[in-house]
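What follows is a single structure, written as structure tokens, with notes after it.
Please treat every number below as a calculation from the coordinates, not as lab data. Keep in mind the model is a prediction, meaning the values are calculated, not measured. So basically every Cβ, Gly included, is an ideal-geometry build from the backbone, and we count neighbours across all protein chains shown.
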Amino acid sequence: MAPTPEPRRPYKRPAISDQQRRRELALQAQSARRADAQARARALATSLLTTRAPTAATSRDEEEEEYEHEEEEEERELTASGVAAAAAASRLRGSEARRWFARQVMLPEWMVDAPPHLATDWHVFARPSGKRCLVVSSNGMTISRVRNGSILHRFPSALPNGSKRDISGPASSYSILDCIFHEPDETYYIIDMICWRGYSLYDCTAEFRFFWVNSKIAETSAGDPPSTYHRYRFSALPVYECTLEGLQAAYSGSMPYVKDGLVFYNKHAHYQAGITPLALVWKDETCSQYVIDTNNKGEIPSEQHLVLELLEDGKVVTSDDPHVVFGSLDSAFIQTSNLRPGNLLRFAVRDESVKLMDGKMHIGQLQFVGKPNRARAFADSHSKYAARHVPLRIEDLVASIQSNNMEVESTDVEMQD
């Protein structure tokens, strides 16, 4: 009898970047940040509630005006330690303020390589299209701020202490949610939970935070239709294990919102403000109308653009930590163009000038275009351009999961033998 042939292992695209190494370092570094989690949550809540910033909306209704009149009284009720911790942020103006607020949100890198153990160590969900924002409820009011710090809405909500009608426990107790406001159905879709009734979740794993989002929101009426004391509805996202079935559900399953790509979270990741390789975003034309190589109109431009930050020494770098240097500007050009360190600059890049070496994208020629929109808070990440230049396909993600499954099955057979 002929031996049974071994199943053919699916093709898995080899890694082209150092994303996995940086992921391992990020997981190791989490323990060093444990001590200040509660202070960070208190400082963020205080800043969200008290920092003056221009509103994103041009008008407010009567309920929002009432909340505005009450703000001064409520600010006095905030803890002294919280005000002190947020004082530096409240003094920031312009680009510095926008940058500070933008760095309080956990931002995904673009997926350059499919992570190993994708099926066992990662969650996946379809990201709603809309405005990313932080929502804080405290002292009978709820405020949402977009990533540049501008107030999106000031409103009563059914979140804990989110309206004058719903004060339970200490009035100054606060909750902070990381959301996307989806305008078509006027719903805040909850991506993550940073704090709940004063309890910080910064140092909790993503797996635990997703569990709390579902269980805690279910304990409130925040998911109910809007009413007088509950202006906008809140909804938890459907989050899946990144198995073949979970990936398929997130990628092609029906959602109550317009999709804008897929987001992958490492199950062990803490809530890390700023860009992190422990969260990844991926898109194609099936799950997003704005794929990685299109502009904000959904059109493919004749040349790709890259936003970089200017440093003191003239180098232009990405927003990564540590920075990735993509070039430098002549001091005479900096002076004649009236550029300053910290400025964000837009460059045009031609594909033929891009090379991949040692896991990093190297660009032979950058063409200065100008400054980006003033609302822009920080530069592009290295992963965005790498993913744009060498994009992963959905077939690559499927192959990675299948390969992972075969490794697990092989290990199980060895253990039984």
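Couple of notes before you dig in:
- Entries of Lys131/Lys384; Lys131/Lys164; Lys131/Lys283; Lys259/Lys283; Lys216/Lys267; Lys259/Lys384 with Cα pairs more than 21 Å apart: Lys131/Lys164
- Shown here for the stretch 122-175: trypsin sites (Lys or Arg not before Pro) in loop regions (DSSP other than H, G, I, E, B) with at most 13 other Cβ atoms within 10 Å, namely Arg165.
- Chain lengthening between Asn405 and His323 when straightened (0.36 nm per residue, less Cα-Cα): 26.0 nm
- Distance distribution note for the stretch 135-210: the fraction of Cα pairs above 20 angstrom is 32%.
- ³J(HN,Hα), Karplus 6.51/-1.76/1.60, whole Hz, each residue of the stretch 124-129, x for Gly, Pro: 9, 8, 7, 7, x, 7
- Chain lengthening between His305 and Asp18 when straightened (0.36 nm per residue, less Cα-Cα): 101.0 nm
- Take the Cβ atoms of Asn373 and Ala273, set R0 to 25 Å, and the FRET efficiency comes out at 0.65.
- Cβ-derived FRET efficiency at R0 41 Å, Gln28 paired with Ala348, nearest 0.05: 0.60
- Computed 3J(HN,Hα) for the stretch 239-245, one whole-Hz value per residue from the Karplus formula 6.51 cos²θ - 1.76 cosθ + 1.60 where θ = phi - 60°, is 10, 10, 5, 7, 7, 4, 5, glycine and proline marked x.
- Amide H contacts of Trp122 (H built 1.01 Å from N, under 5 Å, at least 5 apart or other chain): Cys242, Lys267
- Looking at the stretch 200-274, none of the trypsin sites (Lys or Arg not before Pro) sits in a DSSP loop with at most 14 other Cβ atoms within 10 Å of its own Cβ.
- Long-range HN-HN contacts of Gly327 with modeled amide H, under 5 Å: Val316
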